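The next block holds one structure in the form of structure tokens; read it before the comments.
The values are calculated or read from the model by the stated rules, or taken from the named source; none is laboratory data. Bear in mind that the values here come from a model prediction, so they are computed numbers and not experimental data. Neighbour counts are summed over all protein chains in view; Cβ atoms, including those assigned to glycine, are modelled from backbone coordinates with ideal geometry. Just so you know, the surface numbers come from the protein's heavy atoms only, side chains and all, with ligands and any DNA or RNA stripped out. Shrake-Rupley method; radii C 1.70, N 1.55, O 1.52, S 1.80 Å.
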Amino acid sequence: MKTYQTFNLFKDRNVFIAVGKTSPWNPENPEKVPDVSYGQTMTEIVALKRADQVRFVTPDDTNGTIIQLGQKWRIIEEVEARAIDCRWLYVQAWLRYDEFPICNYRQTGVYAGTILVDGLPVNKQVVKPDEVKDMGFLLAVTNQSPLQREVNHRESIEYILEL
């Protein structure tokens, strides 16, 4: 079942990384970042960026080129993913300074099955919340200390999802 869900997400072209939570976590203790287990929701979404990559990955301490939380991962093709019943996906998006709003943010998350409002290009890369008819399903959230986007930088946001 998990392999089926992984393959469905891989084929879904409506996977987005959202950026949000522009206000402090707690004005009295702004540096205290809440644990994600506190509640898997996103607030104050600034915009969503369509994933640049949705790829199968497998743990590989020898040949892995992606490192997440001390674990090395290797990108694999669909044939190998089927052969090993892969249940992990690498989801990555670039936030470019010239296409994504400049803001402070404290949350990122992955949404799948996102449906844009009628009339927008089906492949629109960056959307604001009012351009979304249905957010879809929130698959992962990261809470963090504030990050300031700069006018001349781009950031890569990446997740390894286990389904």
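Would you be so kind as to identify which of G119, N143, N8 lies farthest towards the positive end of the dipole of the chain, taking Lys and Arg as +1 and Asp and Glu as -1 on Cβ and the Cα centre as origin?
G119
Take R96, project a point 7 Å from its Cα along the Cβ direction, then tell me which residues of region 43-67 have their backbone nitrogen under 13 Å from it.
So the set is 50, 52.
Top to bottom by accessible area (1.4 Å), largest first, where do V117, V110, V122 land?
I get V122, V117, V110, largest accessible area first.
Taking H as built 1.01 Å from N, whose amide H comes closer than 5 Å to the amide H of N104, not counting residues under 5 places away?
R149
Using a Gaussian network model of the chain with C-alpha springs under 10 Å, which one of E131, E28, E78 is most mobile by mean-square fluctuation?
E28
Mind listing the phi-derived Karplus ³J(HN,Hα) values for region 81-94, rounded to whole Hz, using 6.51, -1.76 and 1.60 with θ = phi - 60°, and x for any glycine or proline?
So the J values, rounded to whole Hz, are 4, 5, 5, 9, 6, 4, 10, 10, 10, 9, 10, 9, 9, 8.
Determine the calculated [θ] at 222 nm for the chain from helices alone, applying -39500 (n - 2.57) to every DSSP H run no shorter than 4 residues and normalising by the residue count; nearest 500 deg cm²/dmol.
-2500 deg cm²/dmol
Figure the gain on full extension for K133 and L147 (residue separation times 0.36 nm, minus the Cα-Cα span) and round it to one decimal in nm.
Answer, rounded to one decimal: 2.3 nm.
Which value in Å is the Kirkwood Rh of region 24-102 over different Cα pairs?
That comes to 15.8 Å for region 24-102.
Which aspartates and glutamates have a Cα less than 20 Å from the Cα of K49, not counting those fewer than 8 places away in the same chain?
D12, D98, E99, D118, D130, E131, D134, E150, E155, E158
Go through K11/K72; K21/K128; K72/K124 and tell me which ones have a Cα-Cα distance over 21 Å in this structure.
K11/K72; K72/K124
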